[in-house]
Structures are given as structure tokens and as C-alpha cells.
1. Cβ-Cβ under 6 Å, sequence separation 6+ or interchain: first residue in region 38-66 and closer than 21 Å to L163 by Cβ, partner basic (K, R) and in a strand (DSSP E or B). Which pairs?
2. Which residues, counting only those in region 347-373, are farther than 21 Å from L400 by Cα, hydrophobic (A, V, I, L, M, F, W, C) and not in a loop (DSSP other than H, G, I, E, B)?
3. Based on this model, can you work out whether R508 counts as assigned to a helix (DSSP H, G or I), within 17 Å of L351 (Cα to Cα) and either assigned by TED's automatic domain parsing to the domain that holds T330 or free of Cβ contacts under 8 Å to residues at least 60 places away in the same chain (or both)?
4. Considering every residue within region 93-108, establish whether at least one is under 18 Å from the mean Cα position of the chain (by Cα) and at negative phi.
5. So which residues in region 157-210 are in a strand (DSSP E or B) and either modelled with pLDDT under 95 or among the small types (G, A, S) (or both), if there are any at all?
6. Go over the candidates A448, A411 one by one and state the one that is out of contact with any Lys or Arg (no Cβ under 9 Å at 6 or more places or on another chain), at pLDDT 95 or above and either among the acidic types (D, E) or under 26 Å from G117 (Cβ atoms) (or both).
7. Inside region 43-79, can you point out the residues that are in a strand (DSSP E or B) and either not aromatic (F, W, Y) or not assigned by TED's automatic domain parsing to the domain that holds G14 (or both)?
8. Just to be sure I understand the filter: pairs with C-beta atoms under 9 Å, separated by 6 or more residues or on different chains, first member in region 240-263 and at pLDDT 95 or above, second member among the basic types (K, R) and part of a helix (DSSP H, G or I). Which pairs pass?
Amino acid sequence: MTETLHGPQLRPDGVEFRLWAPAHDKVDLLLESSGESIPMQRDEDGFHSVLVRNAGPGTLYRFGLPDGLKVPDPASRFQPQDVHGPSEVIDRDGYRWTENWTGLPWHEVVLYELHIGSFTPEGTFRAAIGKLDHLKTLGITAIEIMPISDFPGKRNWGYDGVLPYAPDSSYGCPDDLKALVEAAHSRGIAVLLDVVYNHFGPDGNYLPAYAPSFFTERHHTPWGAGVNYDGAHSGPVRDFIIKNALSWIEEFHLDGLRFDAVHAIMDDSAEHVLEEISRRLRGCVDRPIHLILENEDNDPSRLGRENGEPADYTAQWNDDVHHVLHVAATGERNGYYADYQGDTDLLGKALAEGFGYQGQMMPYRGSPRGEPSGHLPPGAFVAFIQNHDQIGNRAFGDRLVHTATPDSLRALAATYLLLPQAPMLFMGEEWGAREPFPFFCDFEGDLADAVRNGRREEFKRFPEFQDPDMREKIPDPLAEGTFTSAKLDWSKIDPDHLQFYRALIATRREKIVPLLPGITRGGEAETVADGAVIVRWKTADGTLCLQANLSDQPVGMPEADGMPIWQQGNTGSTFSPWSVRWTLETS
């Protein structure tokens, strides 16, 4: 097990407690059960440590600063009383693993994004185990869990975490998460976790009180000062983050990580922290590790391949595919959707090459975006028609099922689930779930008011929310009812919708997956008419061909000349609205 400079370490003769507090000459260890205050020794690098012989797993503790402030351990493994309470010593090797899991190749991955708190009525790691058989039958081969690092309160999307090493106690204890991972592996399902290394949440982040050099004013993010990955005293900061990433793989046996908003991780070091993370993770275990980026800049530089394998990062979320398909199905043009309205060439490029915008000017954004990506294999991109952001960024958190017709929804599913890019479903999508997924959190006081008002002001620029009375109808992110509205209702599964998704994913497994290792670069797209494209990818076994009319008008289309894979709608010489045909051309 990798040992970090931070956090408690079990020793044969007790527990060694450590805290990096370079701003203070004196720090005390506070034991909750006995009320003892034990002075810690400071070294020249600002680390305070002490070995306590009567401590062990289950010991509750905090650190006392000279001004009387009591703080949890920033590397706490468990916070049974939330982020402001004491930390608990955890035996990181205490879970008795029985699995013999060897991992999953990336080309076999069908991702399923879920939020632990709203995936089941109970909202816990253990409860999620009970839904794994549903996912296995669906054909899901990997789950991607939204962030779980300890956040303030009882409910949160997860992007306000302040204690990165501690799974939030509202979901269960660390061993409960390990049980979920082991149960998933026993069903052939890999487990990935969304991690946030670009900022810390606004409530419960005590780092500035004793380690102000953890952050730097030289870099700024949408959340404030940047994390100090490259300045003076950045060594312990990098160790804290890199070892956190390692802990999820080594200690919890996860199969990969999804890195949130890496465009906001700024580092001028010779080796960027993202490069060091990928280098360290890829050598830490003897099984496939999948590293996924979110990067709104359409930057393909970290997605290169060596001998067919990822040299750095495995794949990147592809917002462009989402946007072109969403606009096709809904006609929406508000906000960033304005940059995707009515551009069929952009639709074809996003399906064929990954990024739609590859350096062109974006009219709504007012600046160019992206770089060429057609040289990369399709597996370097994750395609989706829904995810937590694209639903939750809407005022009411409404899903695509509320705004698109059934025919257009099926056409979109038949497109992206068979696309050579790695597909990702959002929880409940497979049965047409109608529960919204609005933004929710559990702050208090002035911060709660600021978040509530900020959420409503965010939508003021949209015409439909110019009226203050309309903005008042936007769900209060602090209300418990907003959170409970997001919980999946498993009693309302639409069996026909579910069977449709099962059939598509089974077709992907049987007909598309065997072709993927032989697709080494992007495809070629041809615009047939408004909303209608043909895309071809060269494979070792022939040419994979997609013909799609993603419009509400009939379109003439060349006859297919190949082995049929999937047909959606009427696909003769004239494609009816919302029709899709996949074939493999072997001549």
C-alpha cells in the first residue's frame, strides 16, 4: 500500500498522526474519547507528527491550532460526524478481499454514470449493490460514480468535497465502498470514480488556516485561487493529490478515475501534475486502468496512443457529440447550444472524429475552440446524450425524455450506443426515467443563501427567466425535496424502453466491439441534407458505415451495400424522419 506524507499511519506499536501545517510552529493532537491534548513535533518542512501507542482503528481525533481552532485531518479516511467533526482512524488493509479481478479492456467498456445518493431510495454504497444485476443484464460493463469525497451536509452532487480521501459518511463507511467494488467485479463490471483536483468546496475546507501555501494567487479558477501544483512548497501539495489518486486504485481496487474540469488545473512545472498522475497510476497495479478527462477546451494532447495503447489518458468526455445530438433532437438554441444549431457538418465531424470544433470560431462563445482530433481512435472519446451536467445545468434538471420525441430519442440512442466512441448512459436513461436531476446541496447560513440566489441569477440571461416570478419557480438547491426529486423511482421502469436499450447494447457487444481494435483513427463524414449524414470508419474487417437522418423531414439516402447491423425507422432509398442504419461494408 502506497504511503503518503499525509494522514494517519498504523504502526506495530500504535498510530503515527501527521499534519502538514507549515504556517504554525505548534499543533496539538486532540483525542476525542479521552480528551487528551498531545503536542506534536514539527520538522523543517512544516510536518507535525506524533506516535500514539494507545491509538488504533476507530480512534477519533482532531488537530488543535494555536488560536484554538479544532480541525479534522485533511487526509482523513472517514468522517462519521461530517466535515466539521473528528476524523476516524481506519485500517486501510482491514477489508478482506476475495476477488480475483483482472480488469476490463477499454474497447469493451459501456459506461453508466450514477450518483450514489440518488441511484437508490437508500442512497448508500450497500444499496447500490442490489442494482448491479440490473446493470449486468442491461449490458453495462463499467460504472462511473460521481464524486464521493466528504462534503458538508447530507446531500451534494459531490463537487463541493473538502476531504478527498474520505468517502462521504452519508453513503457508508470505506468498507461499504469496497464491498460495492467487489460485488461489481464479481459481475464483470468495472468501477470508475469521478475525482475533483481543481478546487475544494467552500464549507469545511480548513487548509488555508494551517497550510495557506496549498493554494496560490498566481493561478485563478472559477472557484478562486488555484491549487499550488508548481510554486514554492508545492511538493506536499502534489504528494497529497497524487497519493489520493493512487489510494482509489490501490486501496479500493477501482479501475479508473474521471478527472473533473482539468482545464482549471494549472501547473507550469516541467511535468504537469496530470502527467505525473497518469504515469504513477499506470504503473501501480497489474491490470487495465482507465483515466478519463473532462476538458472543455477540446484539447486532444493528452489522448495520444503508443502501440495502440493510451500513452497518457484513455479518453475524454465529448461534449460536442452531446451538443450536436441534443440540438438535433430538441431544436434548442439557448446558451451554448447556439454554437451547434443547424450545422450538419459539425454533426458529422463530431460523430466521425470526436471533436466537432477543432479550432473554428464559436459564435456564441466568441472565441475559437479545440484542435484536430481525427488522428485519434474513436475510443479516445466518451459519447453520451445525457450526463449529470447536461441535465443538472438546466433550470429544472429535466431529462431529454421531457423535451424530445420518442422517435428522436430512439434515433439518438441508436446512433451513440453503436458509435465506435465509448458510450456512457446516465442513470435511469435506459428505461426512460422521468425523475429530474437538478443541482442540490446542503449548506447553511449565508452560504446557503448565496448558492440559492446564485442558482436563480444564473438563468436570468435566458429569455424565459427574465420574469422574477419564473426564476422563483426554479427548484431551491438547498431544499431536501429537490434532492429527493432526483432519486430514481425503480417502480416506474418502462419495459419496452429498457428492452430497446438492452438490444442496442447487445448489438454493440456482438457486432461493434470486435471491430474496435481495428479502428485506429477517426472516420470520414459526408453531409447528405440538413440533419442527415453518412459516416464511415475503416476497420480491419471492412468499413463500418452509419447512415443517419436526425431530422424531422424525409431524406434521400444511398442504398446500403453491406451486412446489416442495426436499422431504426424506415431506411430504404428515402429515410423517414429519425431513421438510422448501421452496416459493415466488406467489399
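1. Short answer, once both residue conditions are applied: F47/R18; H48/R42; S49/R18; R62/K70; G64/K70.
2. A352, M361, M362
3. So R508 fits the description; yes.
4. Yes.
5. A166, A190 - these are the residues of region 157-210 that are in a strand (DSSP E or B) and either modelled with pLDDT under 95 or among the small types (G, A, S) (or both).
6. A448
7. Listed by number, the residues that qualify are H48, S49, V50, L51, V52, L60, R62, G64, K70, V71.
8. Pairs that qualify, where the first residue is at pLDDT 95 or above and the partner is among the basic types (K, R) and part of a helix (DSSP H, G or I), are I242/R280; K243/R280; A245/R280; L246/R280; E251/K178; F252/K178; H253/K178.
The values are calculated or read from the model by the stated rules, or taken from the named source; none is laboratory data. Nothing here was measured: the structure is a model prediction, and the numbers come from that model. Positions of Cβ are generated from backbone atoms using ideal geometry, with glycine treated the same way; all protein chains shown enter the neighbour counts.
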